[in-house]
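FYI, it's all coordinate maths here, none of it is from the lab. For clarity, every value in this text was computed on a predicted model and none was experimentally measured. Heads up, the Cβs are rebuilt from the backbone with ideal geometry, glycines too, and the neighbour counts pull from every protein chain shown.
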Amino acid sequence: MLAQLVYKEFLSKTKPWFLWLCTPMRSNSQQVRVRLLPNPRCFFDEPVHVKVDGLSPHQKVELRSKLRDDKGIIFKASALYSADSTGQVDLCLSPSLGGSYTGVEPMGLFWAMTPETPHRKLLKNNVLSSMMVDIDALHEDTGEILATETIERQFMTEGLRRIPLDMKNGRIRGTLFLPPGPGPFPGVLDVYILGGGISEVRASLLANKGFVVLALAYSGFQDLPKTMPKYFDLEYFEEAITFLRRQPQVQGPGIGILSISKSGELALSMASFLSGISATVWINGCNANVMTPLHYKDLVIPPLMPNLENITLTPAGLLDVRDALPDQITERNRGSVIPIERAGSRFLFVVSEDDRNWNSCLFGQQAAAQLRHHGKDNFEVVTYPRAGHFLEVPYMPHCPSGFHSAVGKVVVFGGEAKAHHEAQLDLWRRVQEFFRTHLKDNSNTVQKARL
């Protein structure tokens, strides 16, 4: 009886043998942690240093990232790593052994994300809220979550003002972003893709860098036409330019235009026919007016219409529309070409070699040749090998395919994820440098276009 009492007292003060065996594993998993440096809150276009500490030496661990966009679509990436001799995985030093990417890719968990629902482009409408990205570290064999952390990817710096435009601002629709401080700041008109709406992501992040940015909608937004209008009225864009230039925080005399895809030809038209434009960034656009007539006062530029017979199917069964547009330099189509030789603006033509939306590489070359033919050297051409159509802000996931609003079906947009990511990093730097260089207060850089 005494022995039983002693044994019970022993058990009450100690742990059974199986708990002793389990304790080191549990305590080890509790010691594992994901670290996001310099802190778990940063801007969307900024890099973050990801580390995992507390692993066993050379332990294999899977890292997973996940976010949910404003449409509820889940994007995720994963990669397998091996800890070093100290039990640490450092994404700036450690190579991924497999998964969504391989090799040393400090931001691979972000740019390599893909949607769970195919053919979706990451959507972020509300830049007032952050995008939350979960980072999990999992045991390679058991799948047990060893540690988790969430990073908050922000879009607006402290003091940045976001001003939606409504009826009191006339017929223009969009959002104005004003940096903190009195200024003056360079002004940029940001026009986005044909699908409608505006890109407050690009506009807000650019405004964080010290630009006054007007994200201008021209379809699919509020009371604007939901689909492609019967024609585009250049006077609408002229009103937007006038509004932006009149902002007291905008440094004159000219502003910049940032465009992509369909808005590229609209940007070229603005630079060619409207005054007050000093610098124009044209990303994977066309040098001719496409699909919809363009009106400006008594002038009408006819549209270049696609040849549907030139649309092909990829091995995956997706439409490839790259060669749908006919040659615009033929006599029949020449009237659709934008007369950019009239412009006093500087141009930055940005082309992706694997753009499958259309042959932007050819169009960029033709635009440069057009200016060169008229004795002008007011342009730069930047080419990105293996990049696709949608060149966005840094770390935006690559969109290789998606619904095309003009075609009404899913099409391939081209590009390889890593090359596309590298192109976005380089382009973001170039865009800021281009605008800072050519939006200085130099009246000689702005020439008023004459009809």
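Classify region 309-405: rounded, prolate or oblate, from the alpha-carbon gyration tensor (a ≥ b ≥ c, eigenvalue square roots; a/c under 1.5 rounded; otherwise prolate if a/b is larger than b/c)?
In terms of gyration-tensor shape, oblate.
As a test of the formula, what do you get for the chain when each DSSP H run with n ≥ 4 contributes -39,500 (n - 2.57) and the sum is divided by the residue count, at 222 nm and rounded to the nearest 500 deg cm²/dmol?
On the way: 8 runs with 99 residues, N = 451.
About -7000 deg cm²/dmol.
Placing +1 at every Lys and Arg Cβ and -1 at every Asp and Glu Cβ, with all other atoms neutral, what dipole size does the chain have around its Cα centre, in debye to the nearest 20? The partial results should precede the final answer.
Working: 48 positive and 46 negative charges, 183 e Å.
Here the chain has a charge dipole of around 880 debye.
Could you list, in their original order, any pairs among Lys168/Lys297; Lys71/Lys226; Lys121/Lys168; Lys76/Lys124; Lys71/Lys209; Lys121/Lys418 whose Cα atoms are separated by more than 26 Å? Don't skip to the answer; put the middle values down first.
Numbers: Lys168/Lys297 24 Å; Lys71/Lys226 18 Å; Lys121/Lys168 33 Å; Lys76/Lys124 16 Å; Lys71/Lys209 28 Å; Lys121/Lys418 17 Å.
Those over the limit are Lys121/Lys168; Lys71/Lys209.
Which whole-angstrom value gives the distance between the alpha carbon centres of region 203-233 and region 106-177?
Each part's Cα centre sits 20 Å from the other's.
Cross-link partners among aspartates and glutamates for Lys230, C-alpha distance below 20 Å, same-chain residues fewer than 8 apart left out?
Once the sequence-local aspartates and glutamates are set aside, what remains near Lys230 is Glu238, Glu239, Glu265, Asp298.
Pairing the Cα long axis of helix 417-438 with the longest principal axis of the chain, what angle in degrees results, from 0 to 90 and rounded to the nearest 10?
So the inclination is approximately 50 degrees.
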